[in-house]
1. Would you mind listing how long the chain runs along its three principal axes, going by Cα atoms, in whole Å with the largest first?
2. Which loop-located chymotrypsin sites (Phe, Trp or Tyr not before Pro) does segment 65-94 contain, where loop means any DSSP state but H, G, I, E or B and the Cβ has at most 13 other Cβ atoms within 10 Å?
3. Take SER44, SER161 and sort them by solvent-accessible surface of the protein heavy atoms, 1.4 Å probe, largest at the top.
4. If you take the charge dipole of segment 1-97 about its Cα centre, with +1 on Lys and Arg Cβ and -1 on Asp and Glu Cβ, which of ALA27, GLN55, PHE83 is farthest toward its positive end?
5. Report the residue, chosen from PHE98, PHE51, PHE83, that carries the largest GNM mean-square fluctuation when the chain is represented by alpha-carbon nodes joined by springs under 10 Å.
6. Work through the residues other than PHE99 whose Cβ is under 15 Å from its Cβ and net out their charges, Lys, Arg +1 and Asp, Glu -1.
7. If you find the alpha carbon centre of segment 1-25 and of segment 109-171, how far apart are they in angstrom?
8. Taking the Cα-to-Cβ direction at PHE98 and at ARG128 and moving 7 Å from each Cα, how far apart do the two end points lie in nm?
Amino acid sequence: MKPPEFDEKNWKPVPRVQEWPVYQPEAIPTDWKLITTTYEKRGSSDYDWKFYFHQEILIIHRYLDTISPFSGTPIRHIEQYEFPIQGARWFVDNIKRFFLKPGEPGALPAHKFSLAEYCGDEKLGISRLVDCYARTPGYCLKNQSRCEHPDQDLCQCFDMSDEALFKEGGYLALFTDIAERYERGELEEKP
C-alpha cells in the first residue's frame, strides 16, 4: 500500500498545551503526590521511574547522574512525561485493540500500527515499535499535545518493551493500578 501524499493545504497541527518546566529531582514540587516507583533495566542502563499525580496530571519522571566518557564532567539526564490522569485507563483499554483480529469490534485496521484519540483535552496515541530500546519490539504511549523535553518539535513518547509492558507487575499492571486507584478516588489531593 502506498502511503498517502501530504496535503499541506488541509494540514492542521495538533494543538499543544502550555509546556511544563522540567524539574530537577531536588526541586520536585511538594504538592506532587508520589503514586509509585518502578525499576527497569534497558540494555545496560538502569531506569528508576517515579510516577506522580498533580492536578489531574500523571507525571512520569526519571533522572540519572553520570560522567561524560569524553570530557569526564558530570552529566544529569532527566526524562519527564505528562499525561492526563485519565490516560492511564485510556492506555489500558486501547492497548487491547492491537490484539484483536481485523474486523472484530474495536480492532485496528490490518494496515494500522498506531492509534491516536483525544483523552480529555489532550491527544494521546499508542504506537507499535519494531525497535524499542534495547533492540526489542514494544509500544509507546504518546502525548501529542505536549512537546518532548527539551526538543520542541517532537511529542512526548514513553517507550515500553513488550517484556516490560506485559510481564507480571509490568507497565500494563502499573497503568491498570493507577487507573483503578484514580477511579476509586485514592489519588485525590487533600486540601
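The values are calculated or read from the model by the stated rules, or taken from the named source; none is laboratory data. Every value quoted in this text rests on a predicted model; they were computed, and no experiment measured them. In this analysis, Cβ positions are derived from the backbone assuming ideal geometry, glycine residues included, and neighbour counts consider all displayed protein chains. We work out accessible area using only protein heavy atoms, side chains counted, and drop any ligands, DNA or RNA first. Shrake-Rupley method; radii C 1.70, N 1.55, O 1.52, S 1.80 Å.
1. Its Cα atoms span 50, 47, 39 Å along the three principal axes.
2. Taking segment 65-94 and a limit of 13 other Cβ atoms within 10 Å, the loop chymotrypsin sites (Phe, Trp or Tyr not before Pro) found are PHE70.
3. SER44, SER161
4. Farthest along the dipole direction, towards plus: PHE83.
5. Largest GNM mean-square fluctuation: PHE98.
6. Taking every other residue near PHE99 into account, the sum is +2.
7. 14
8. 0.8
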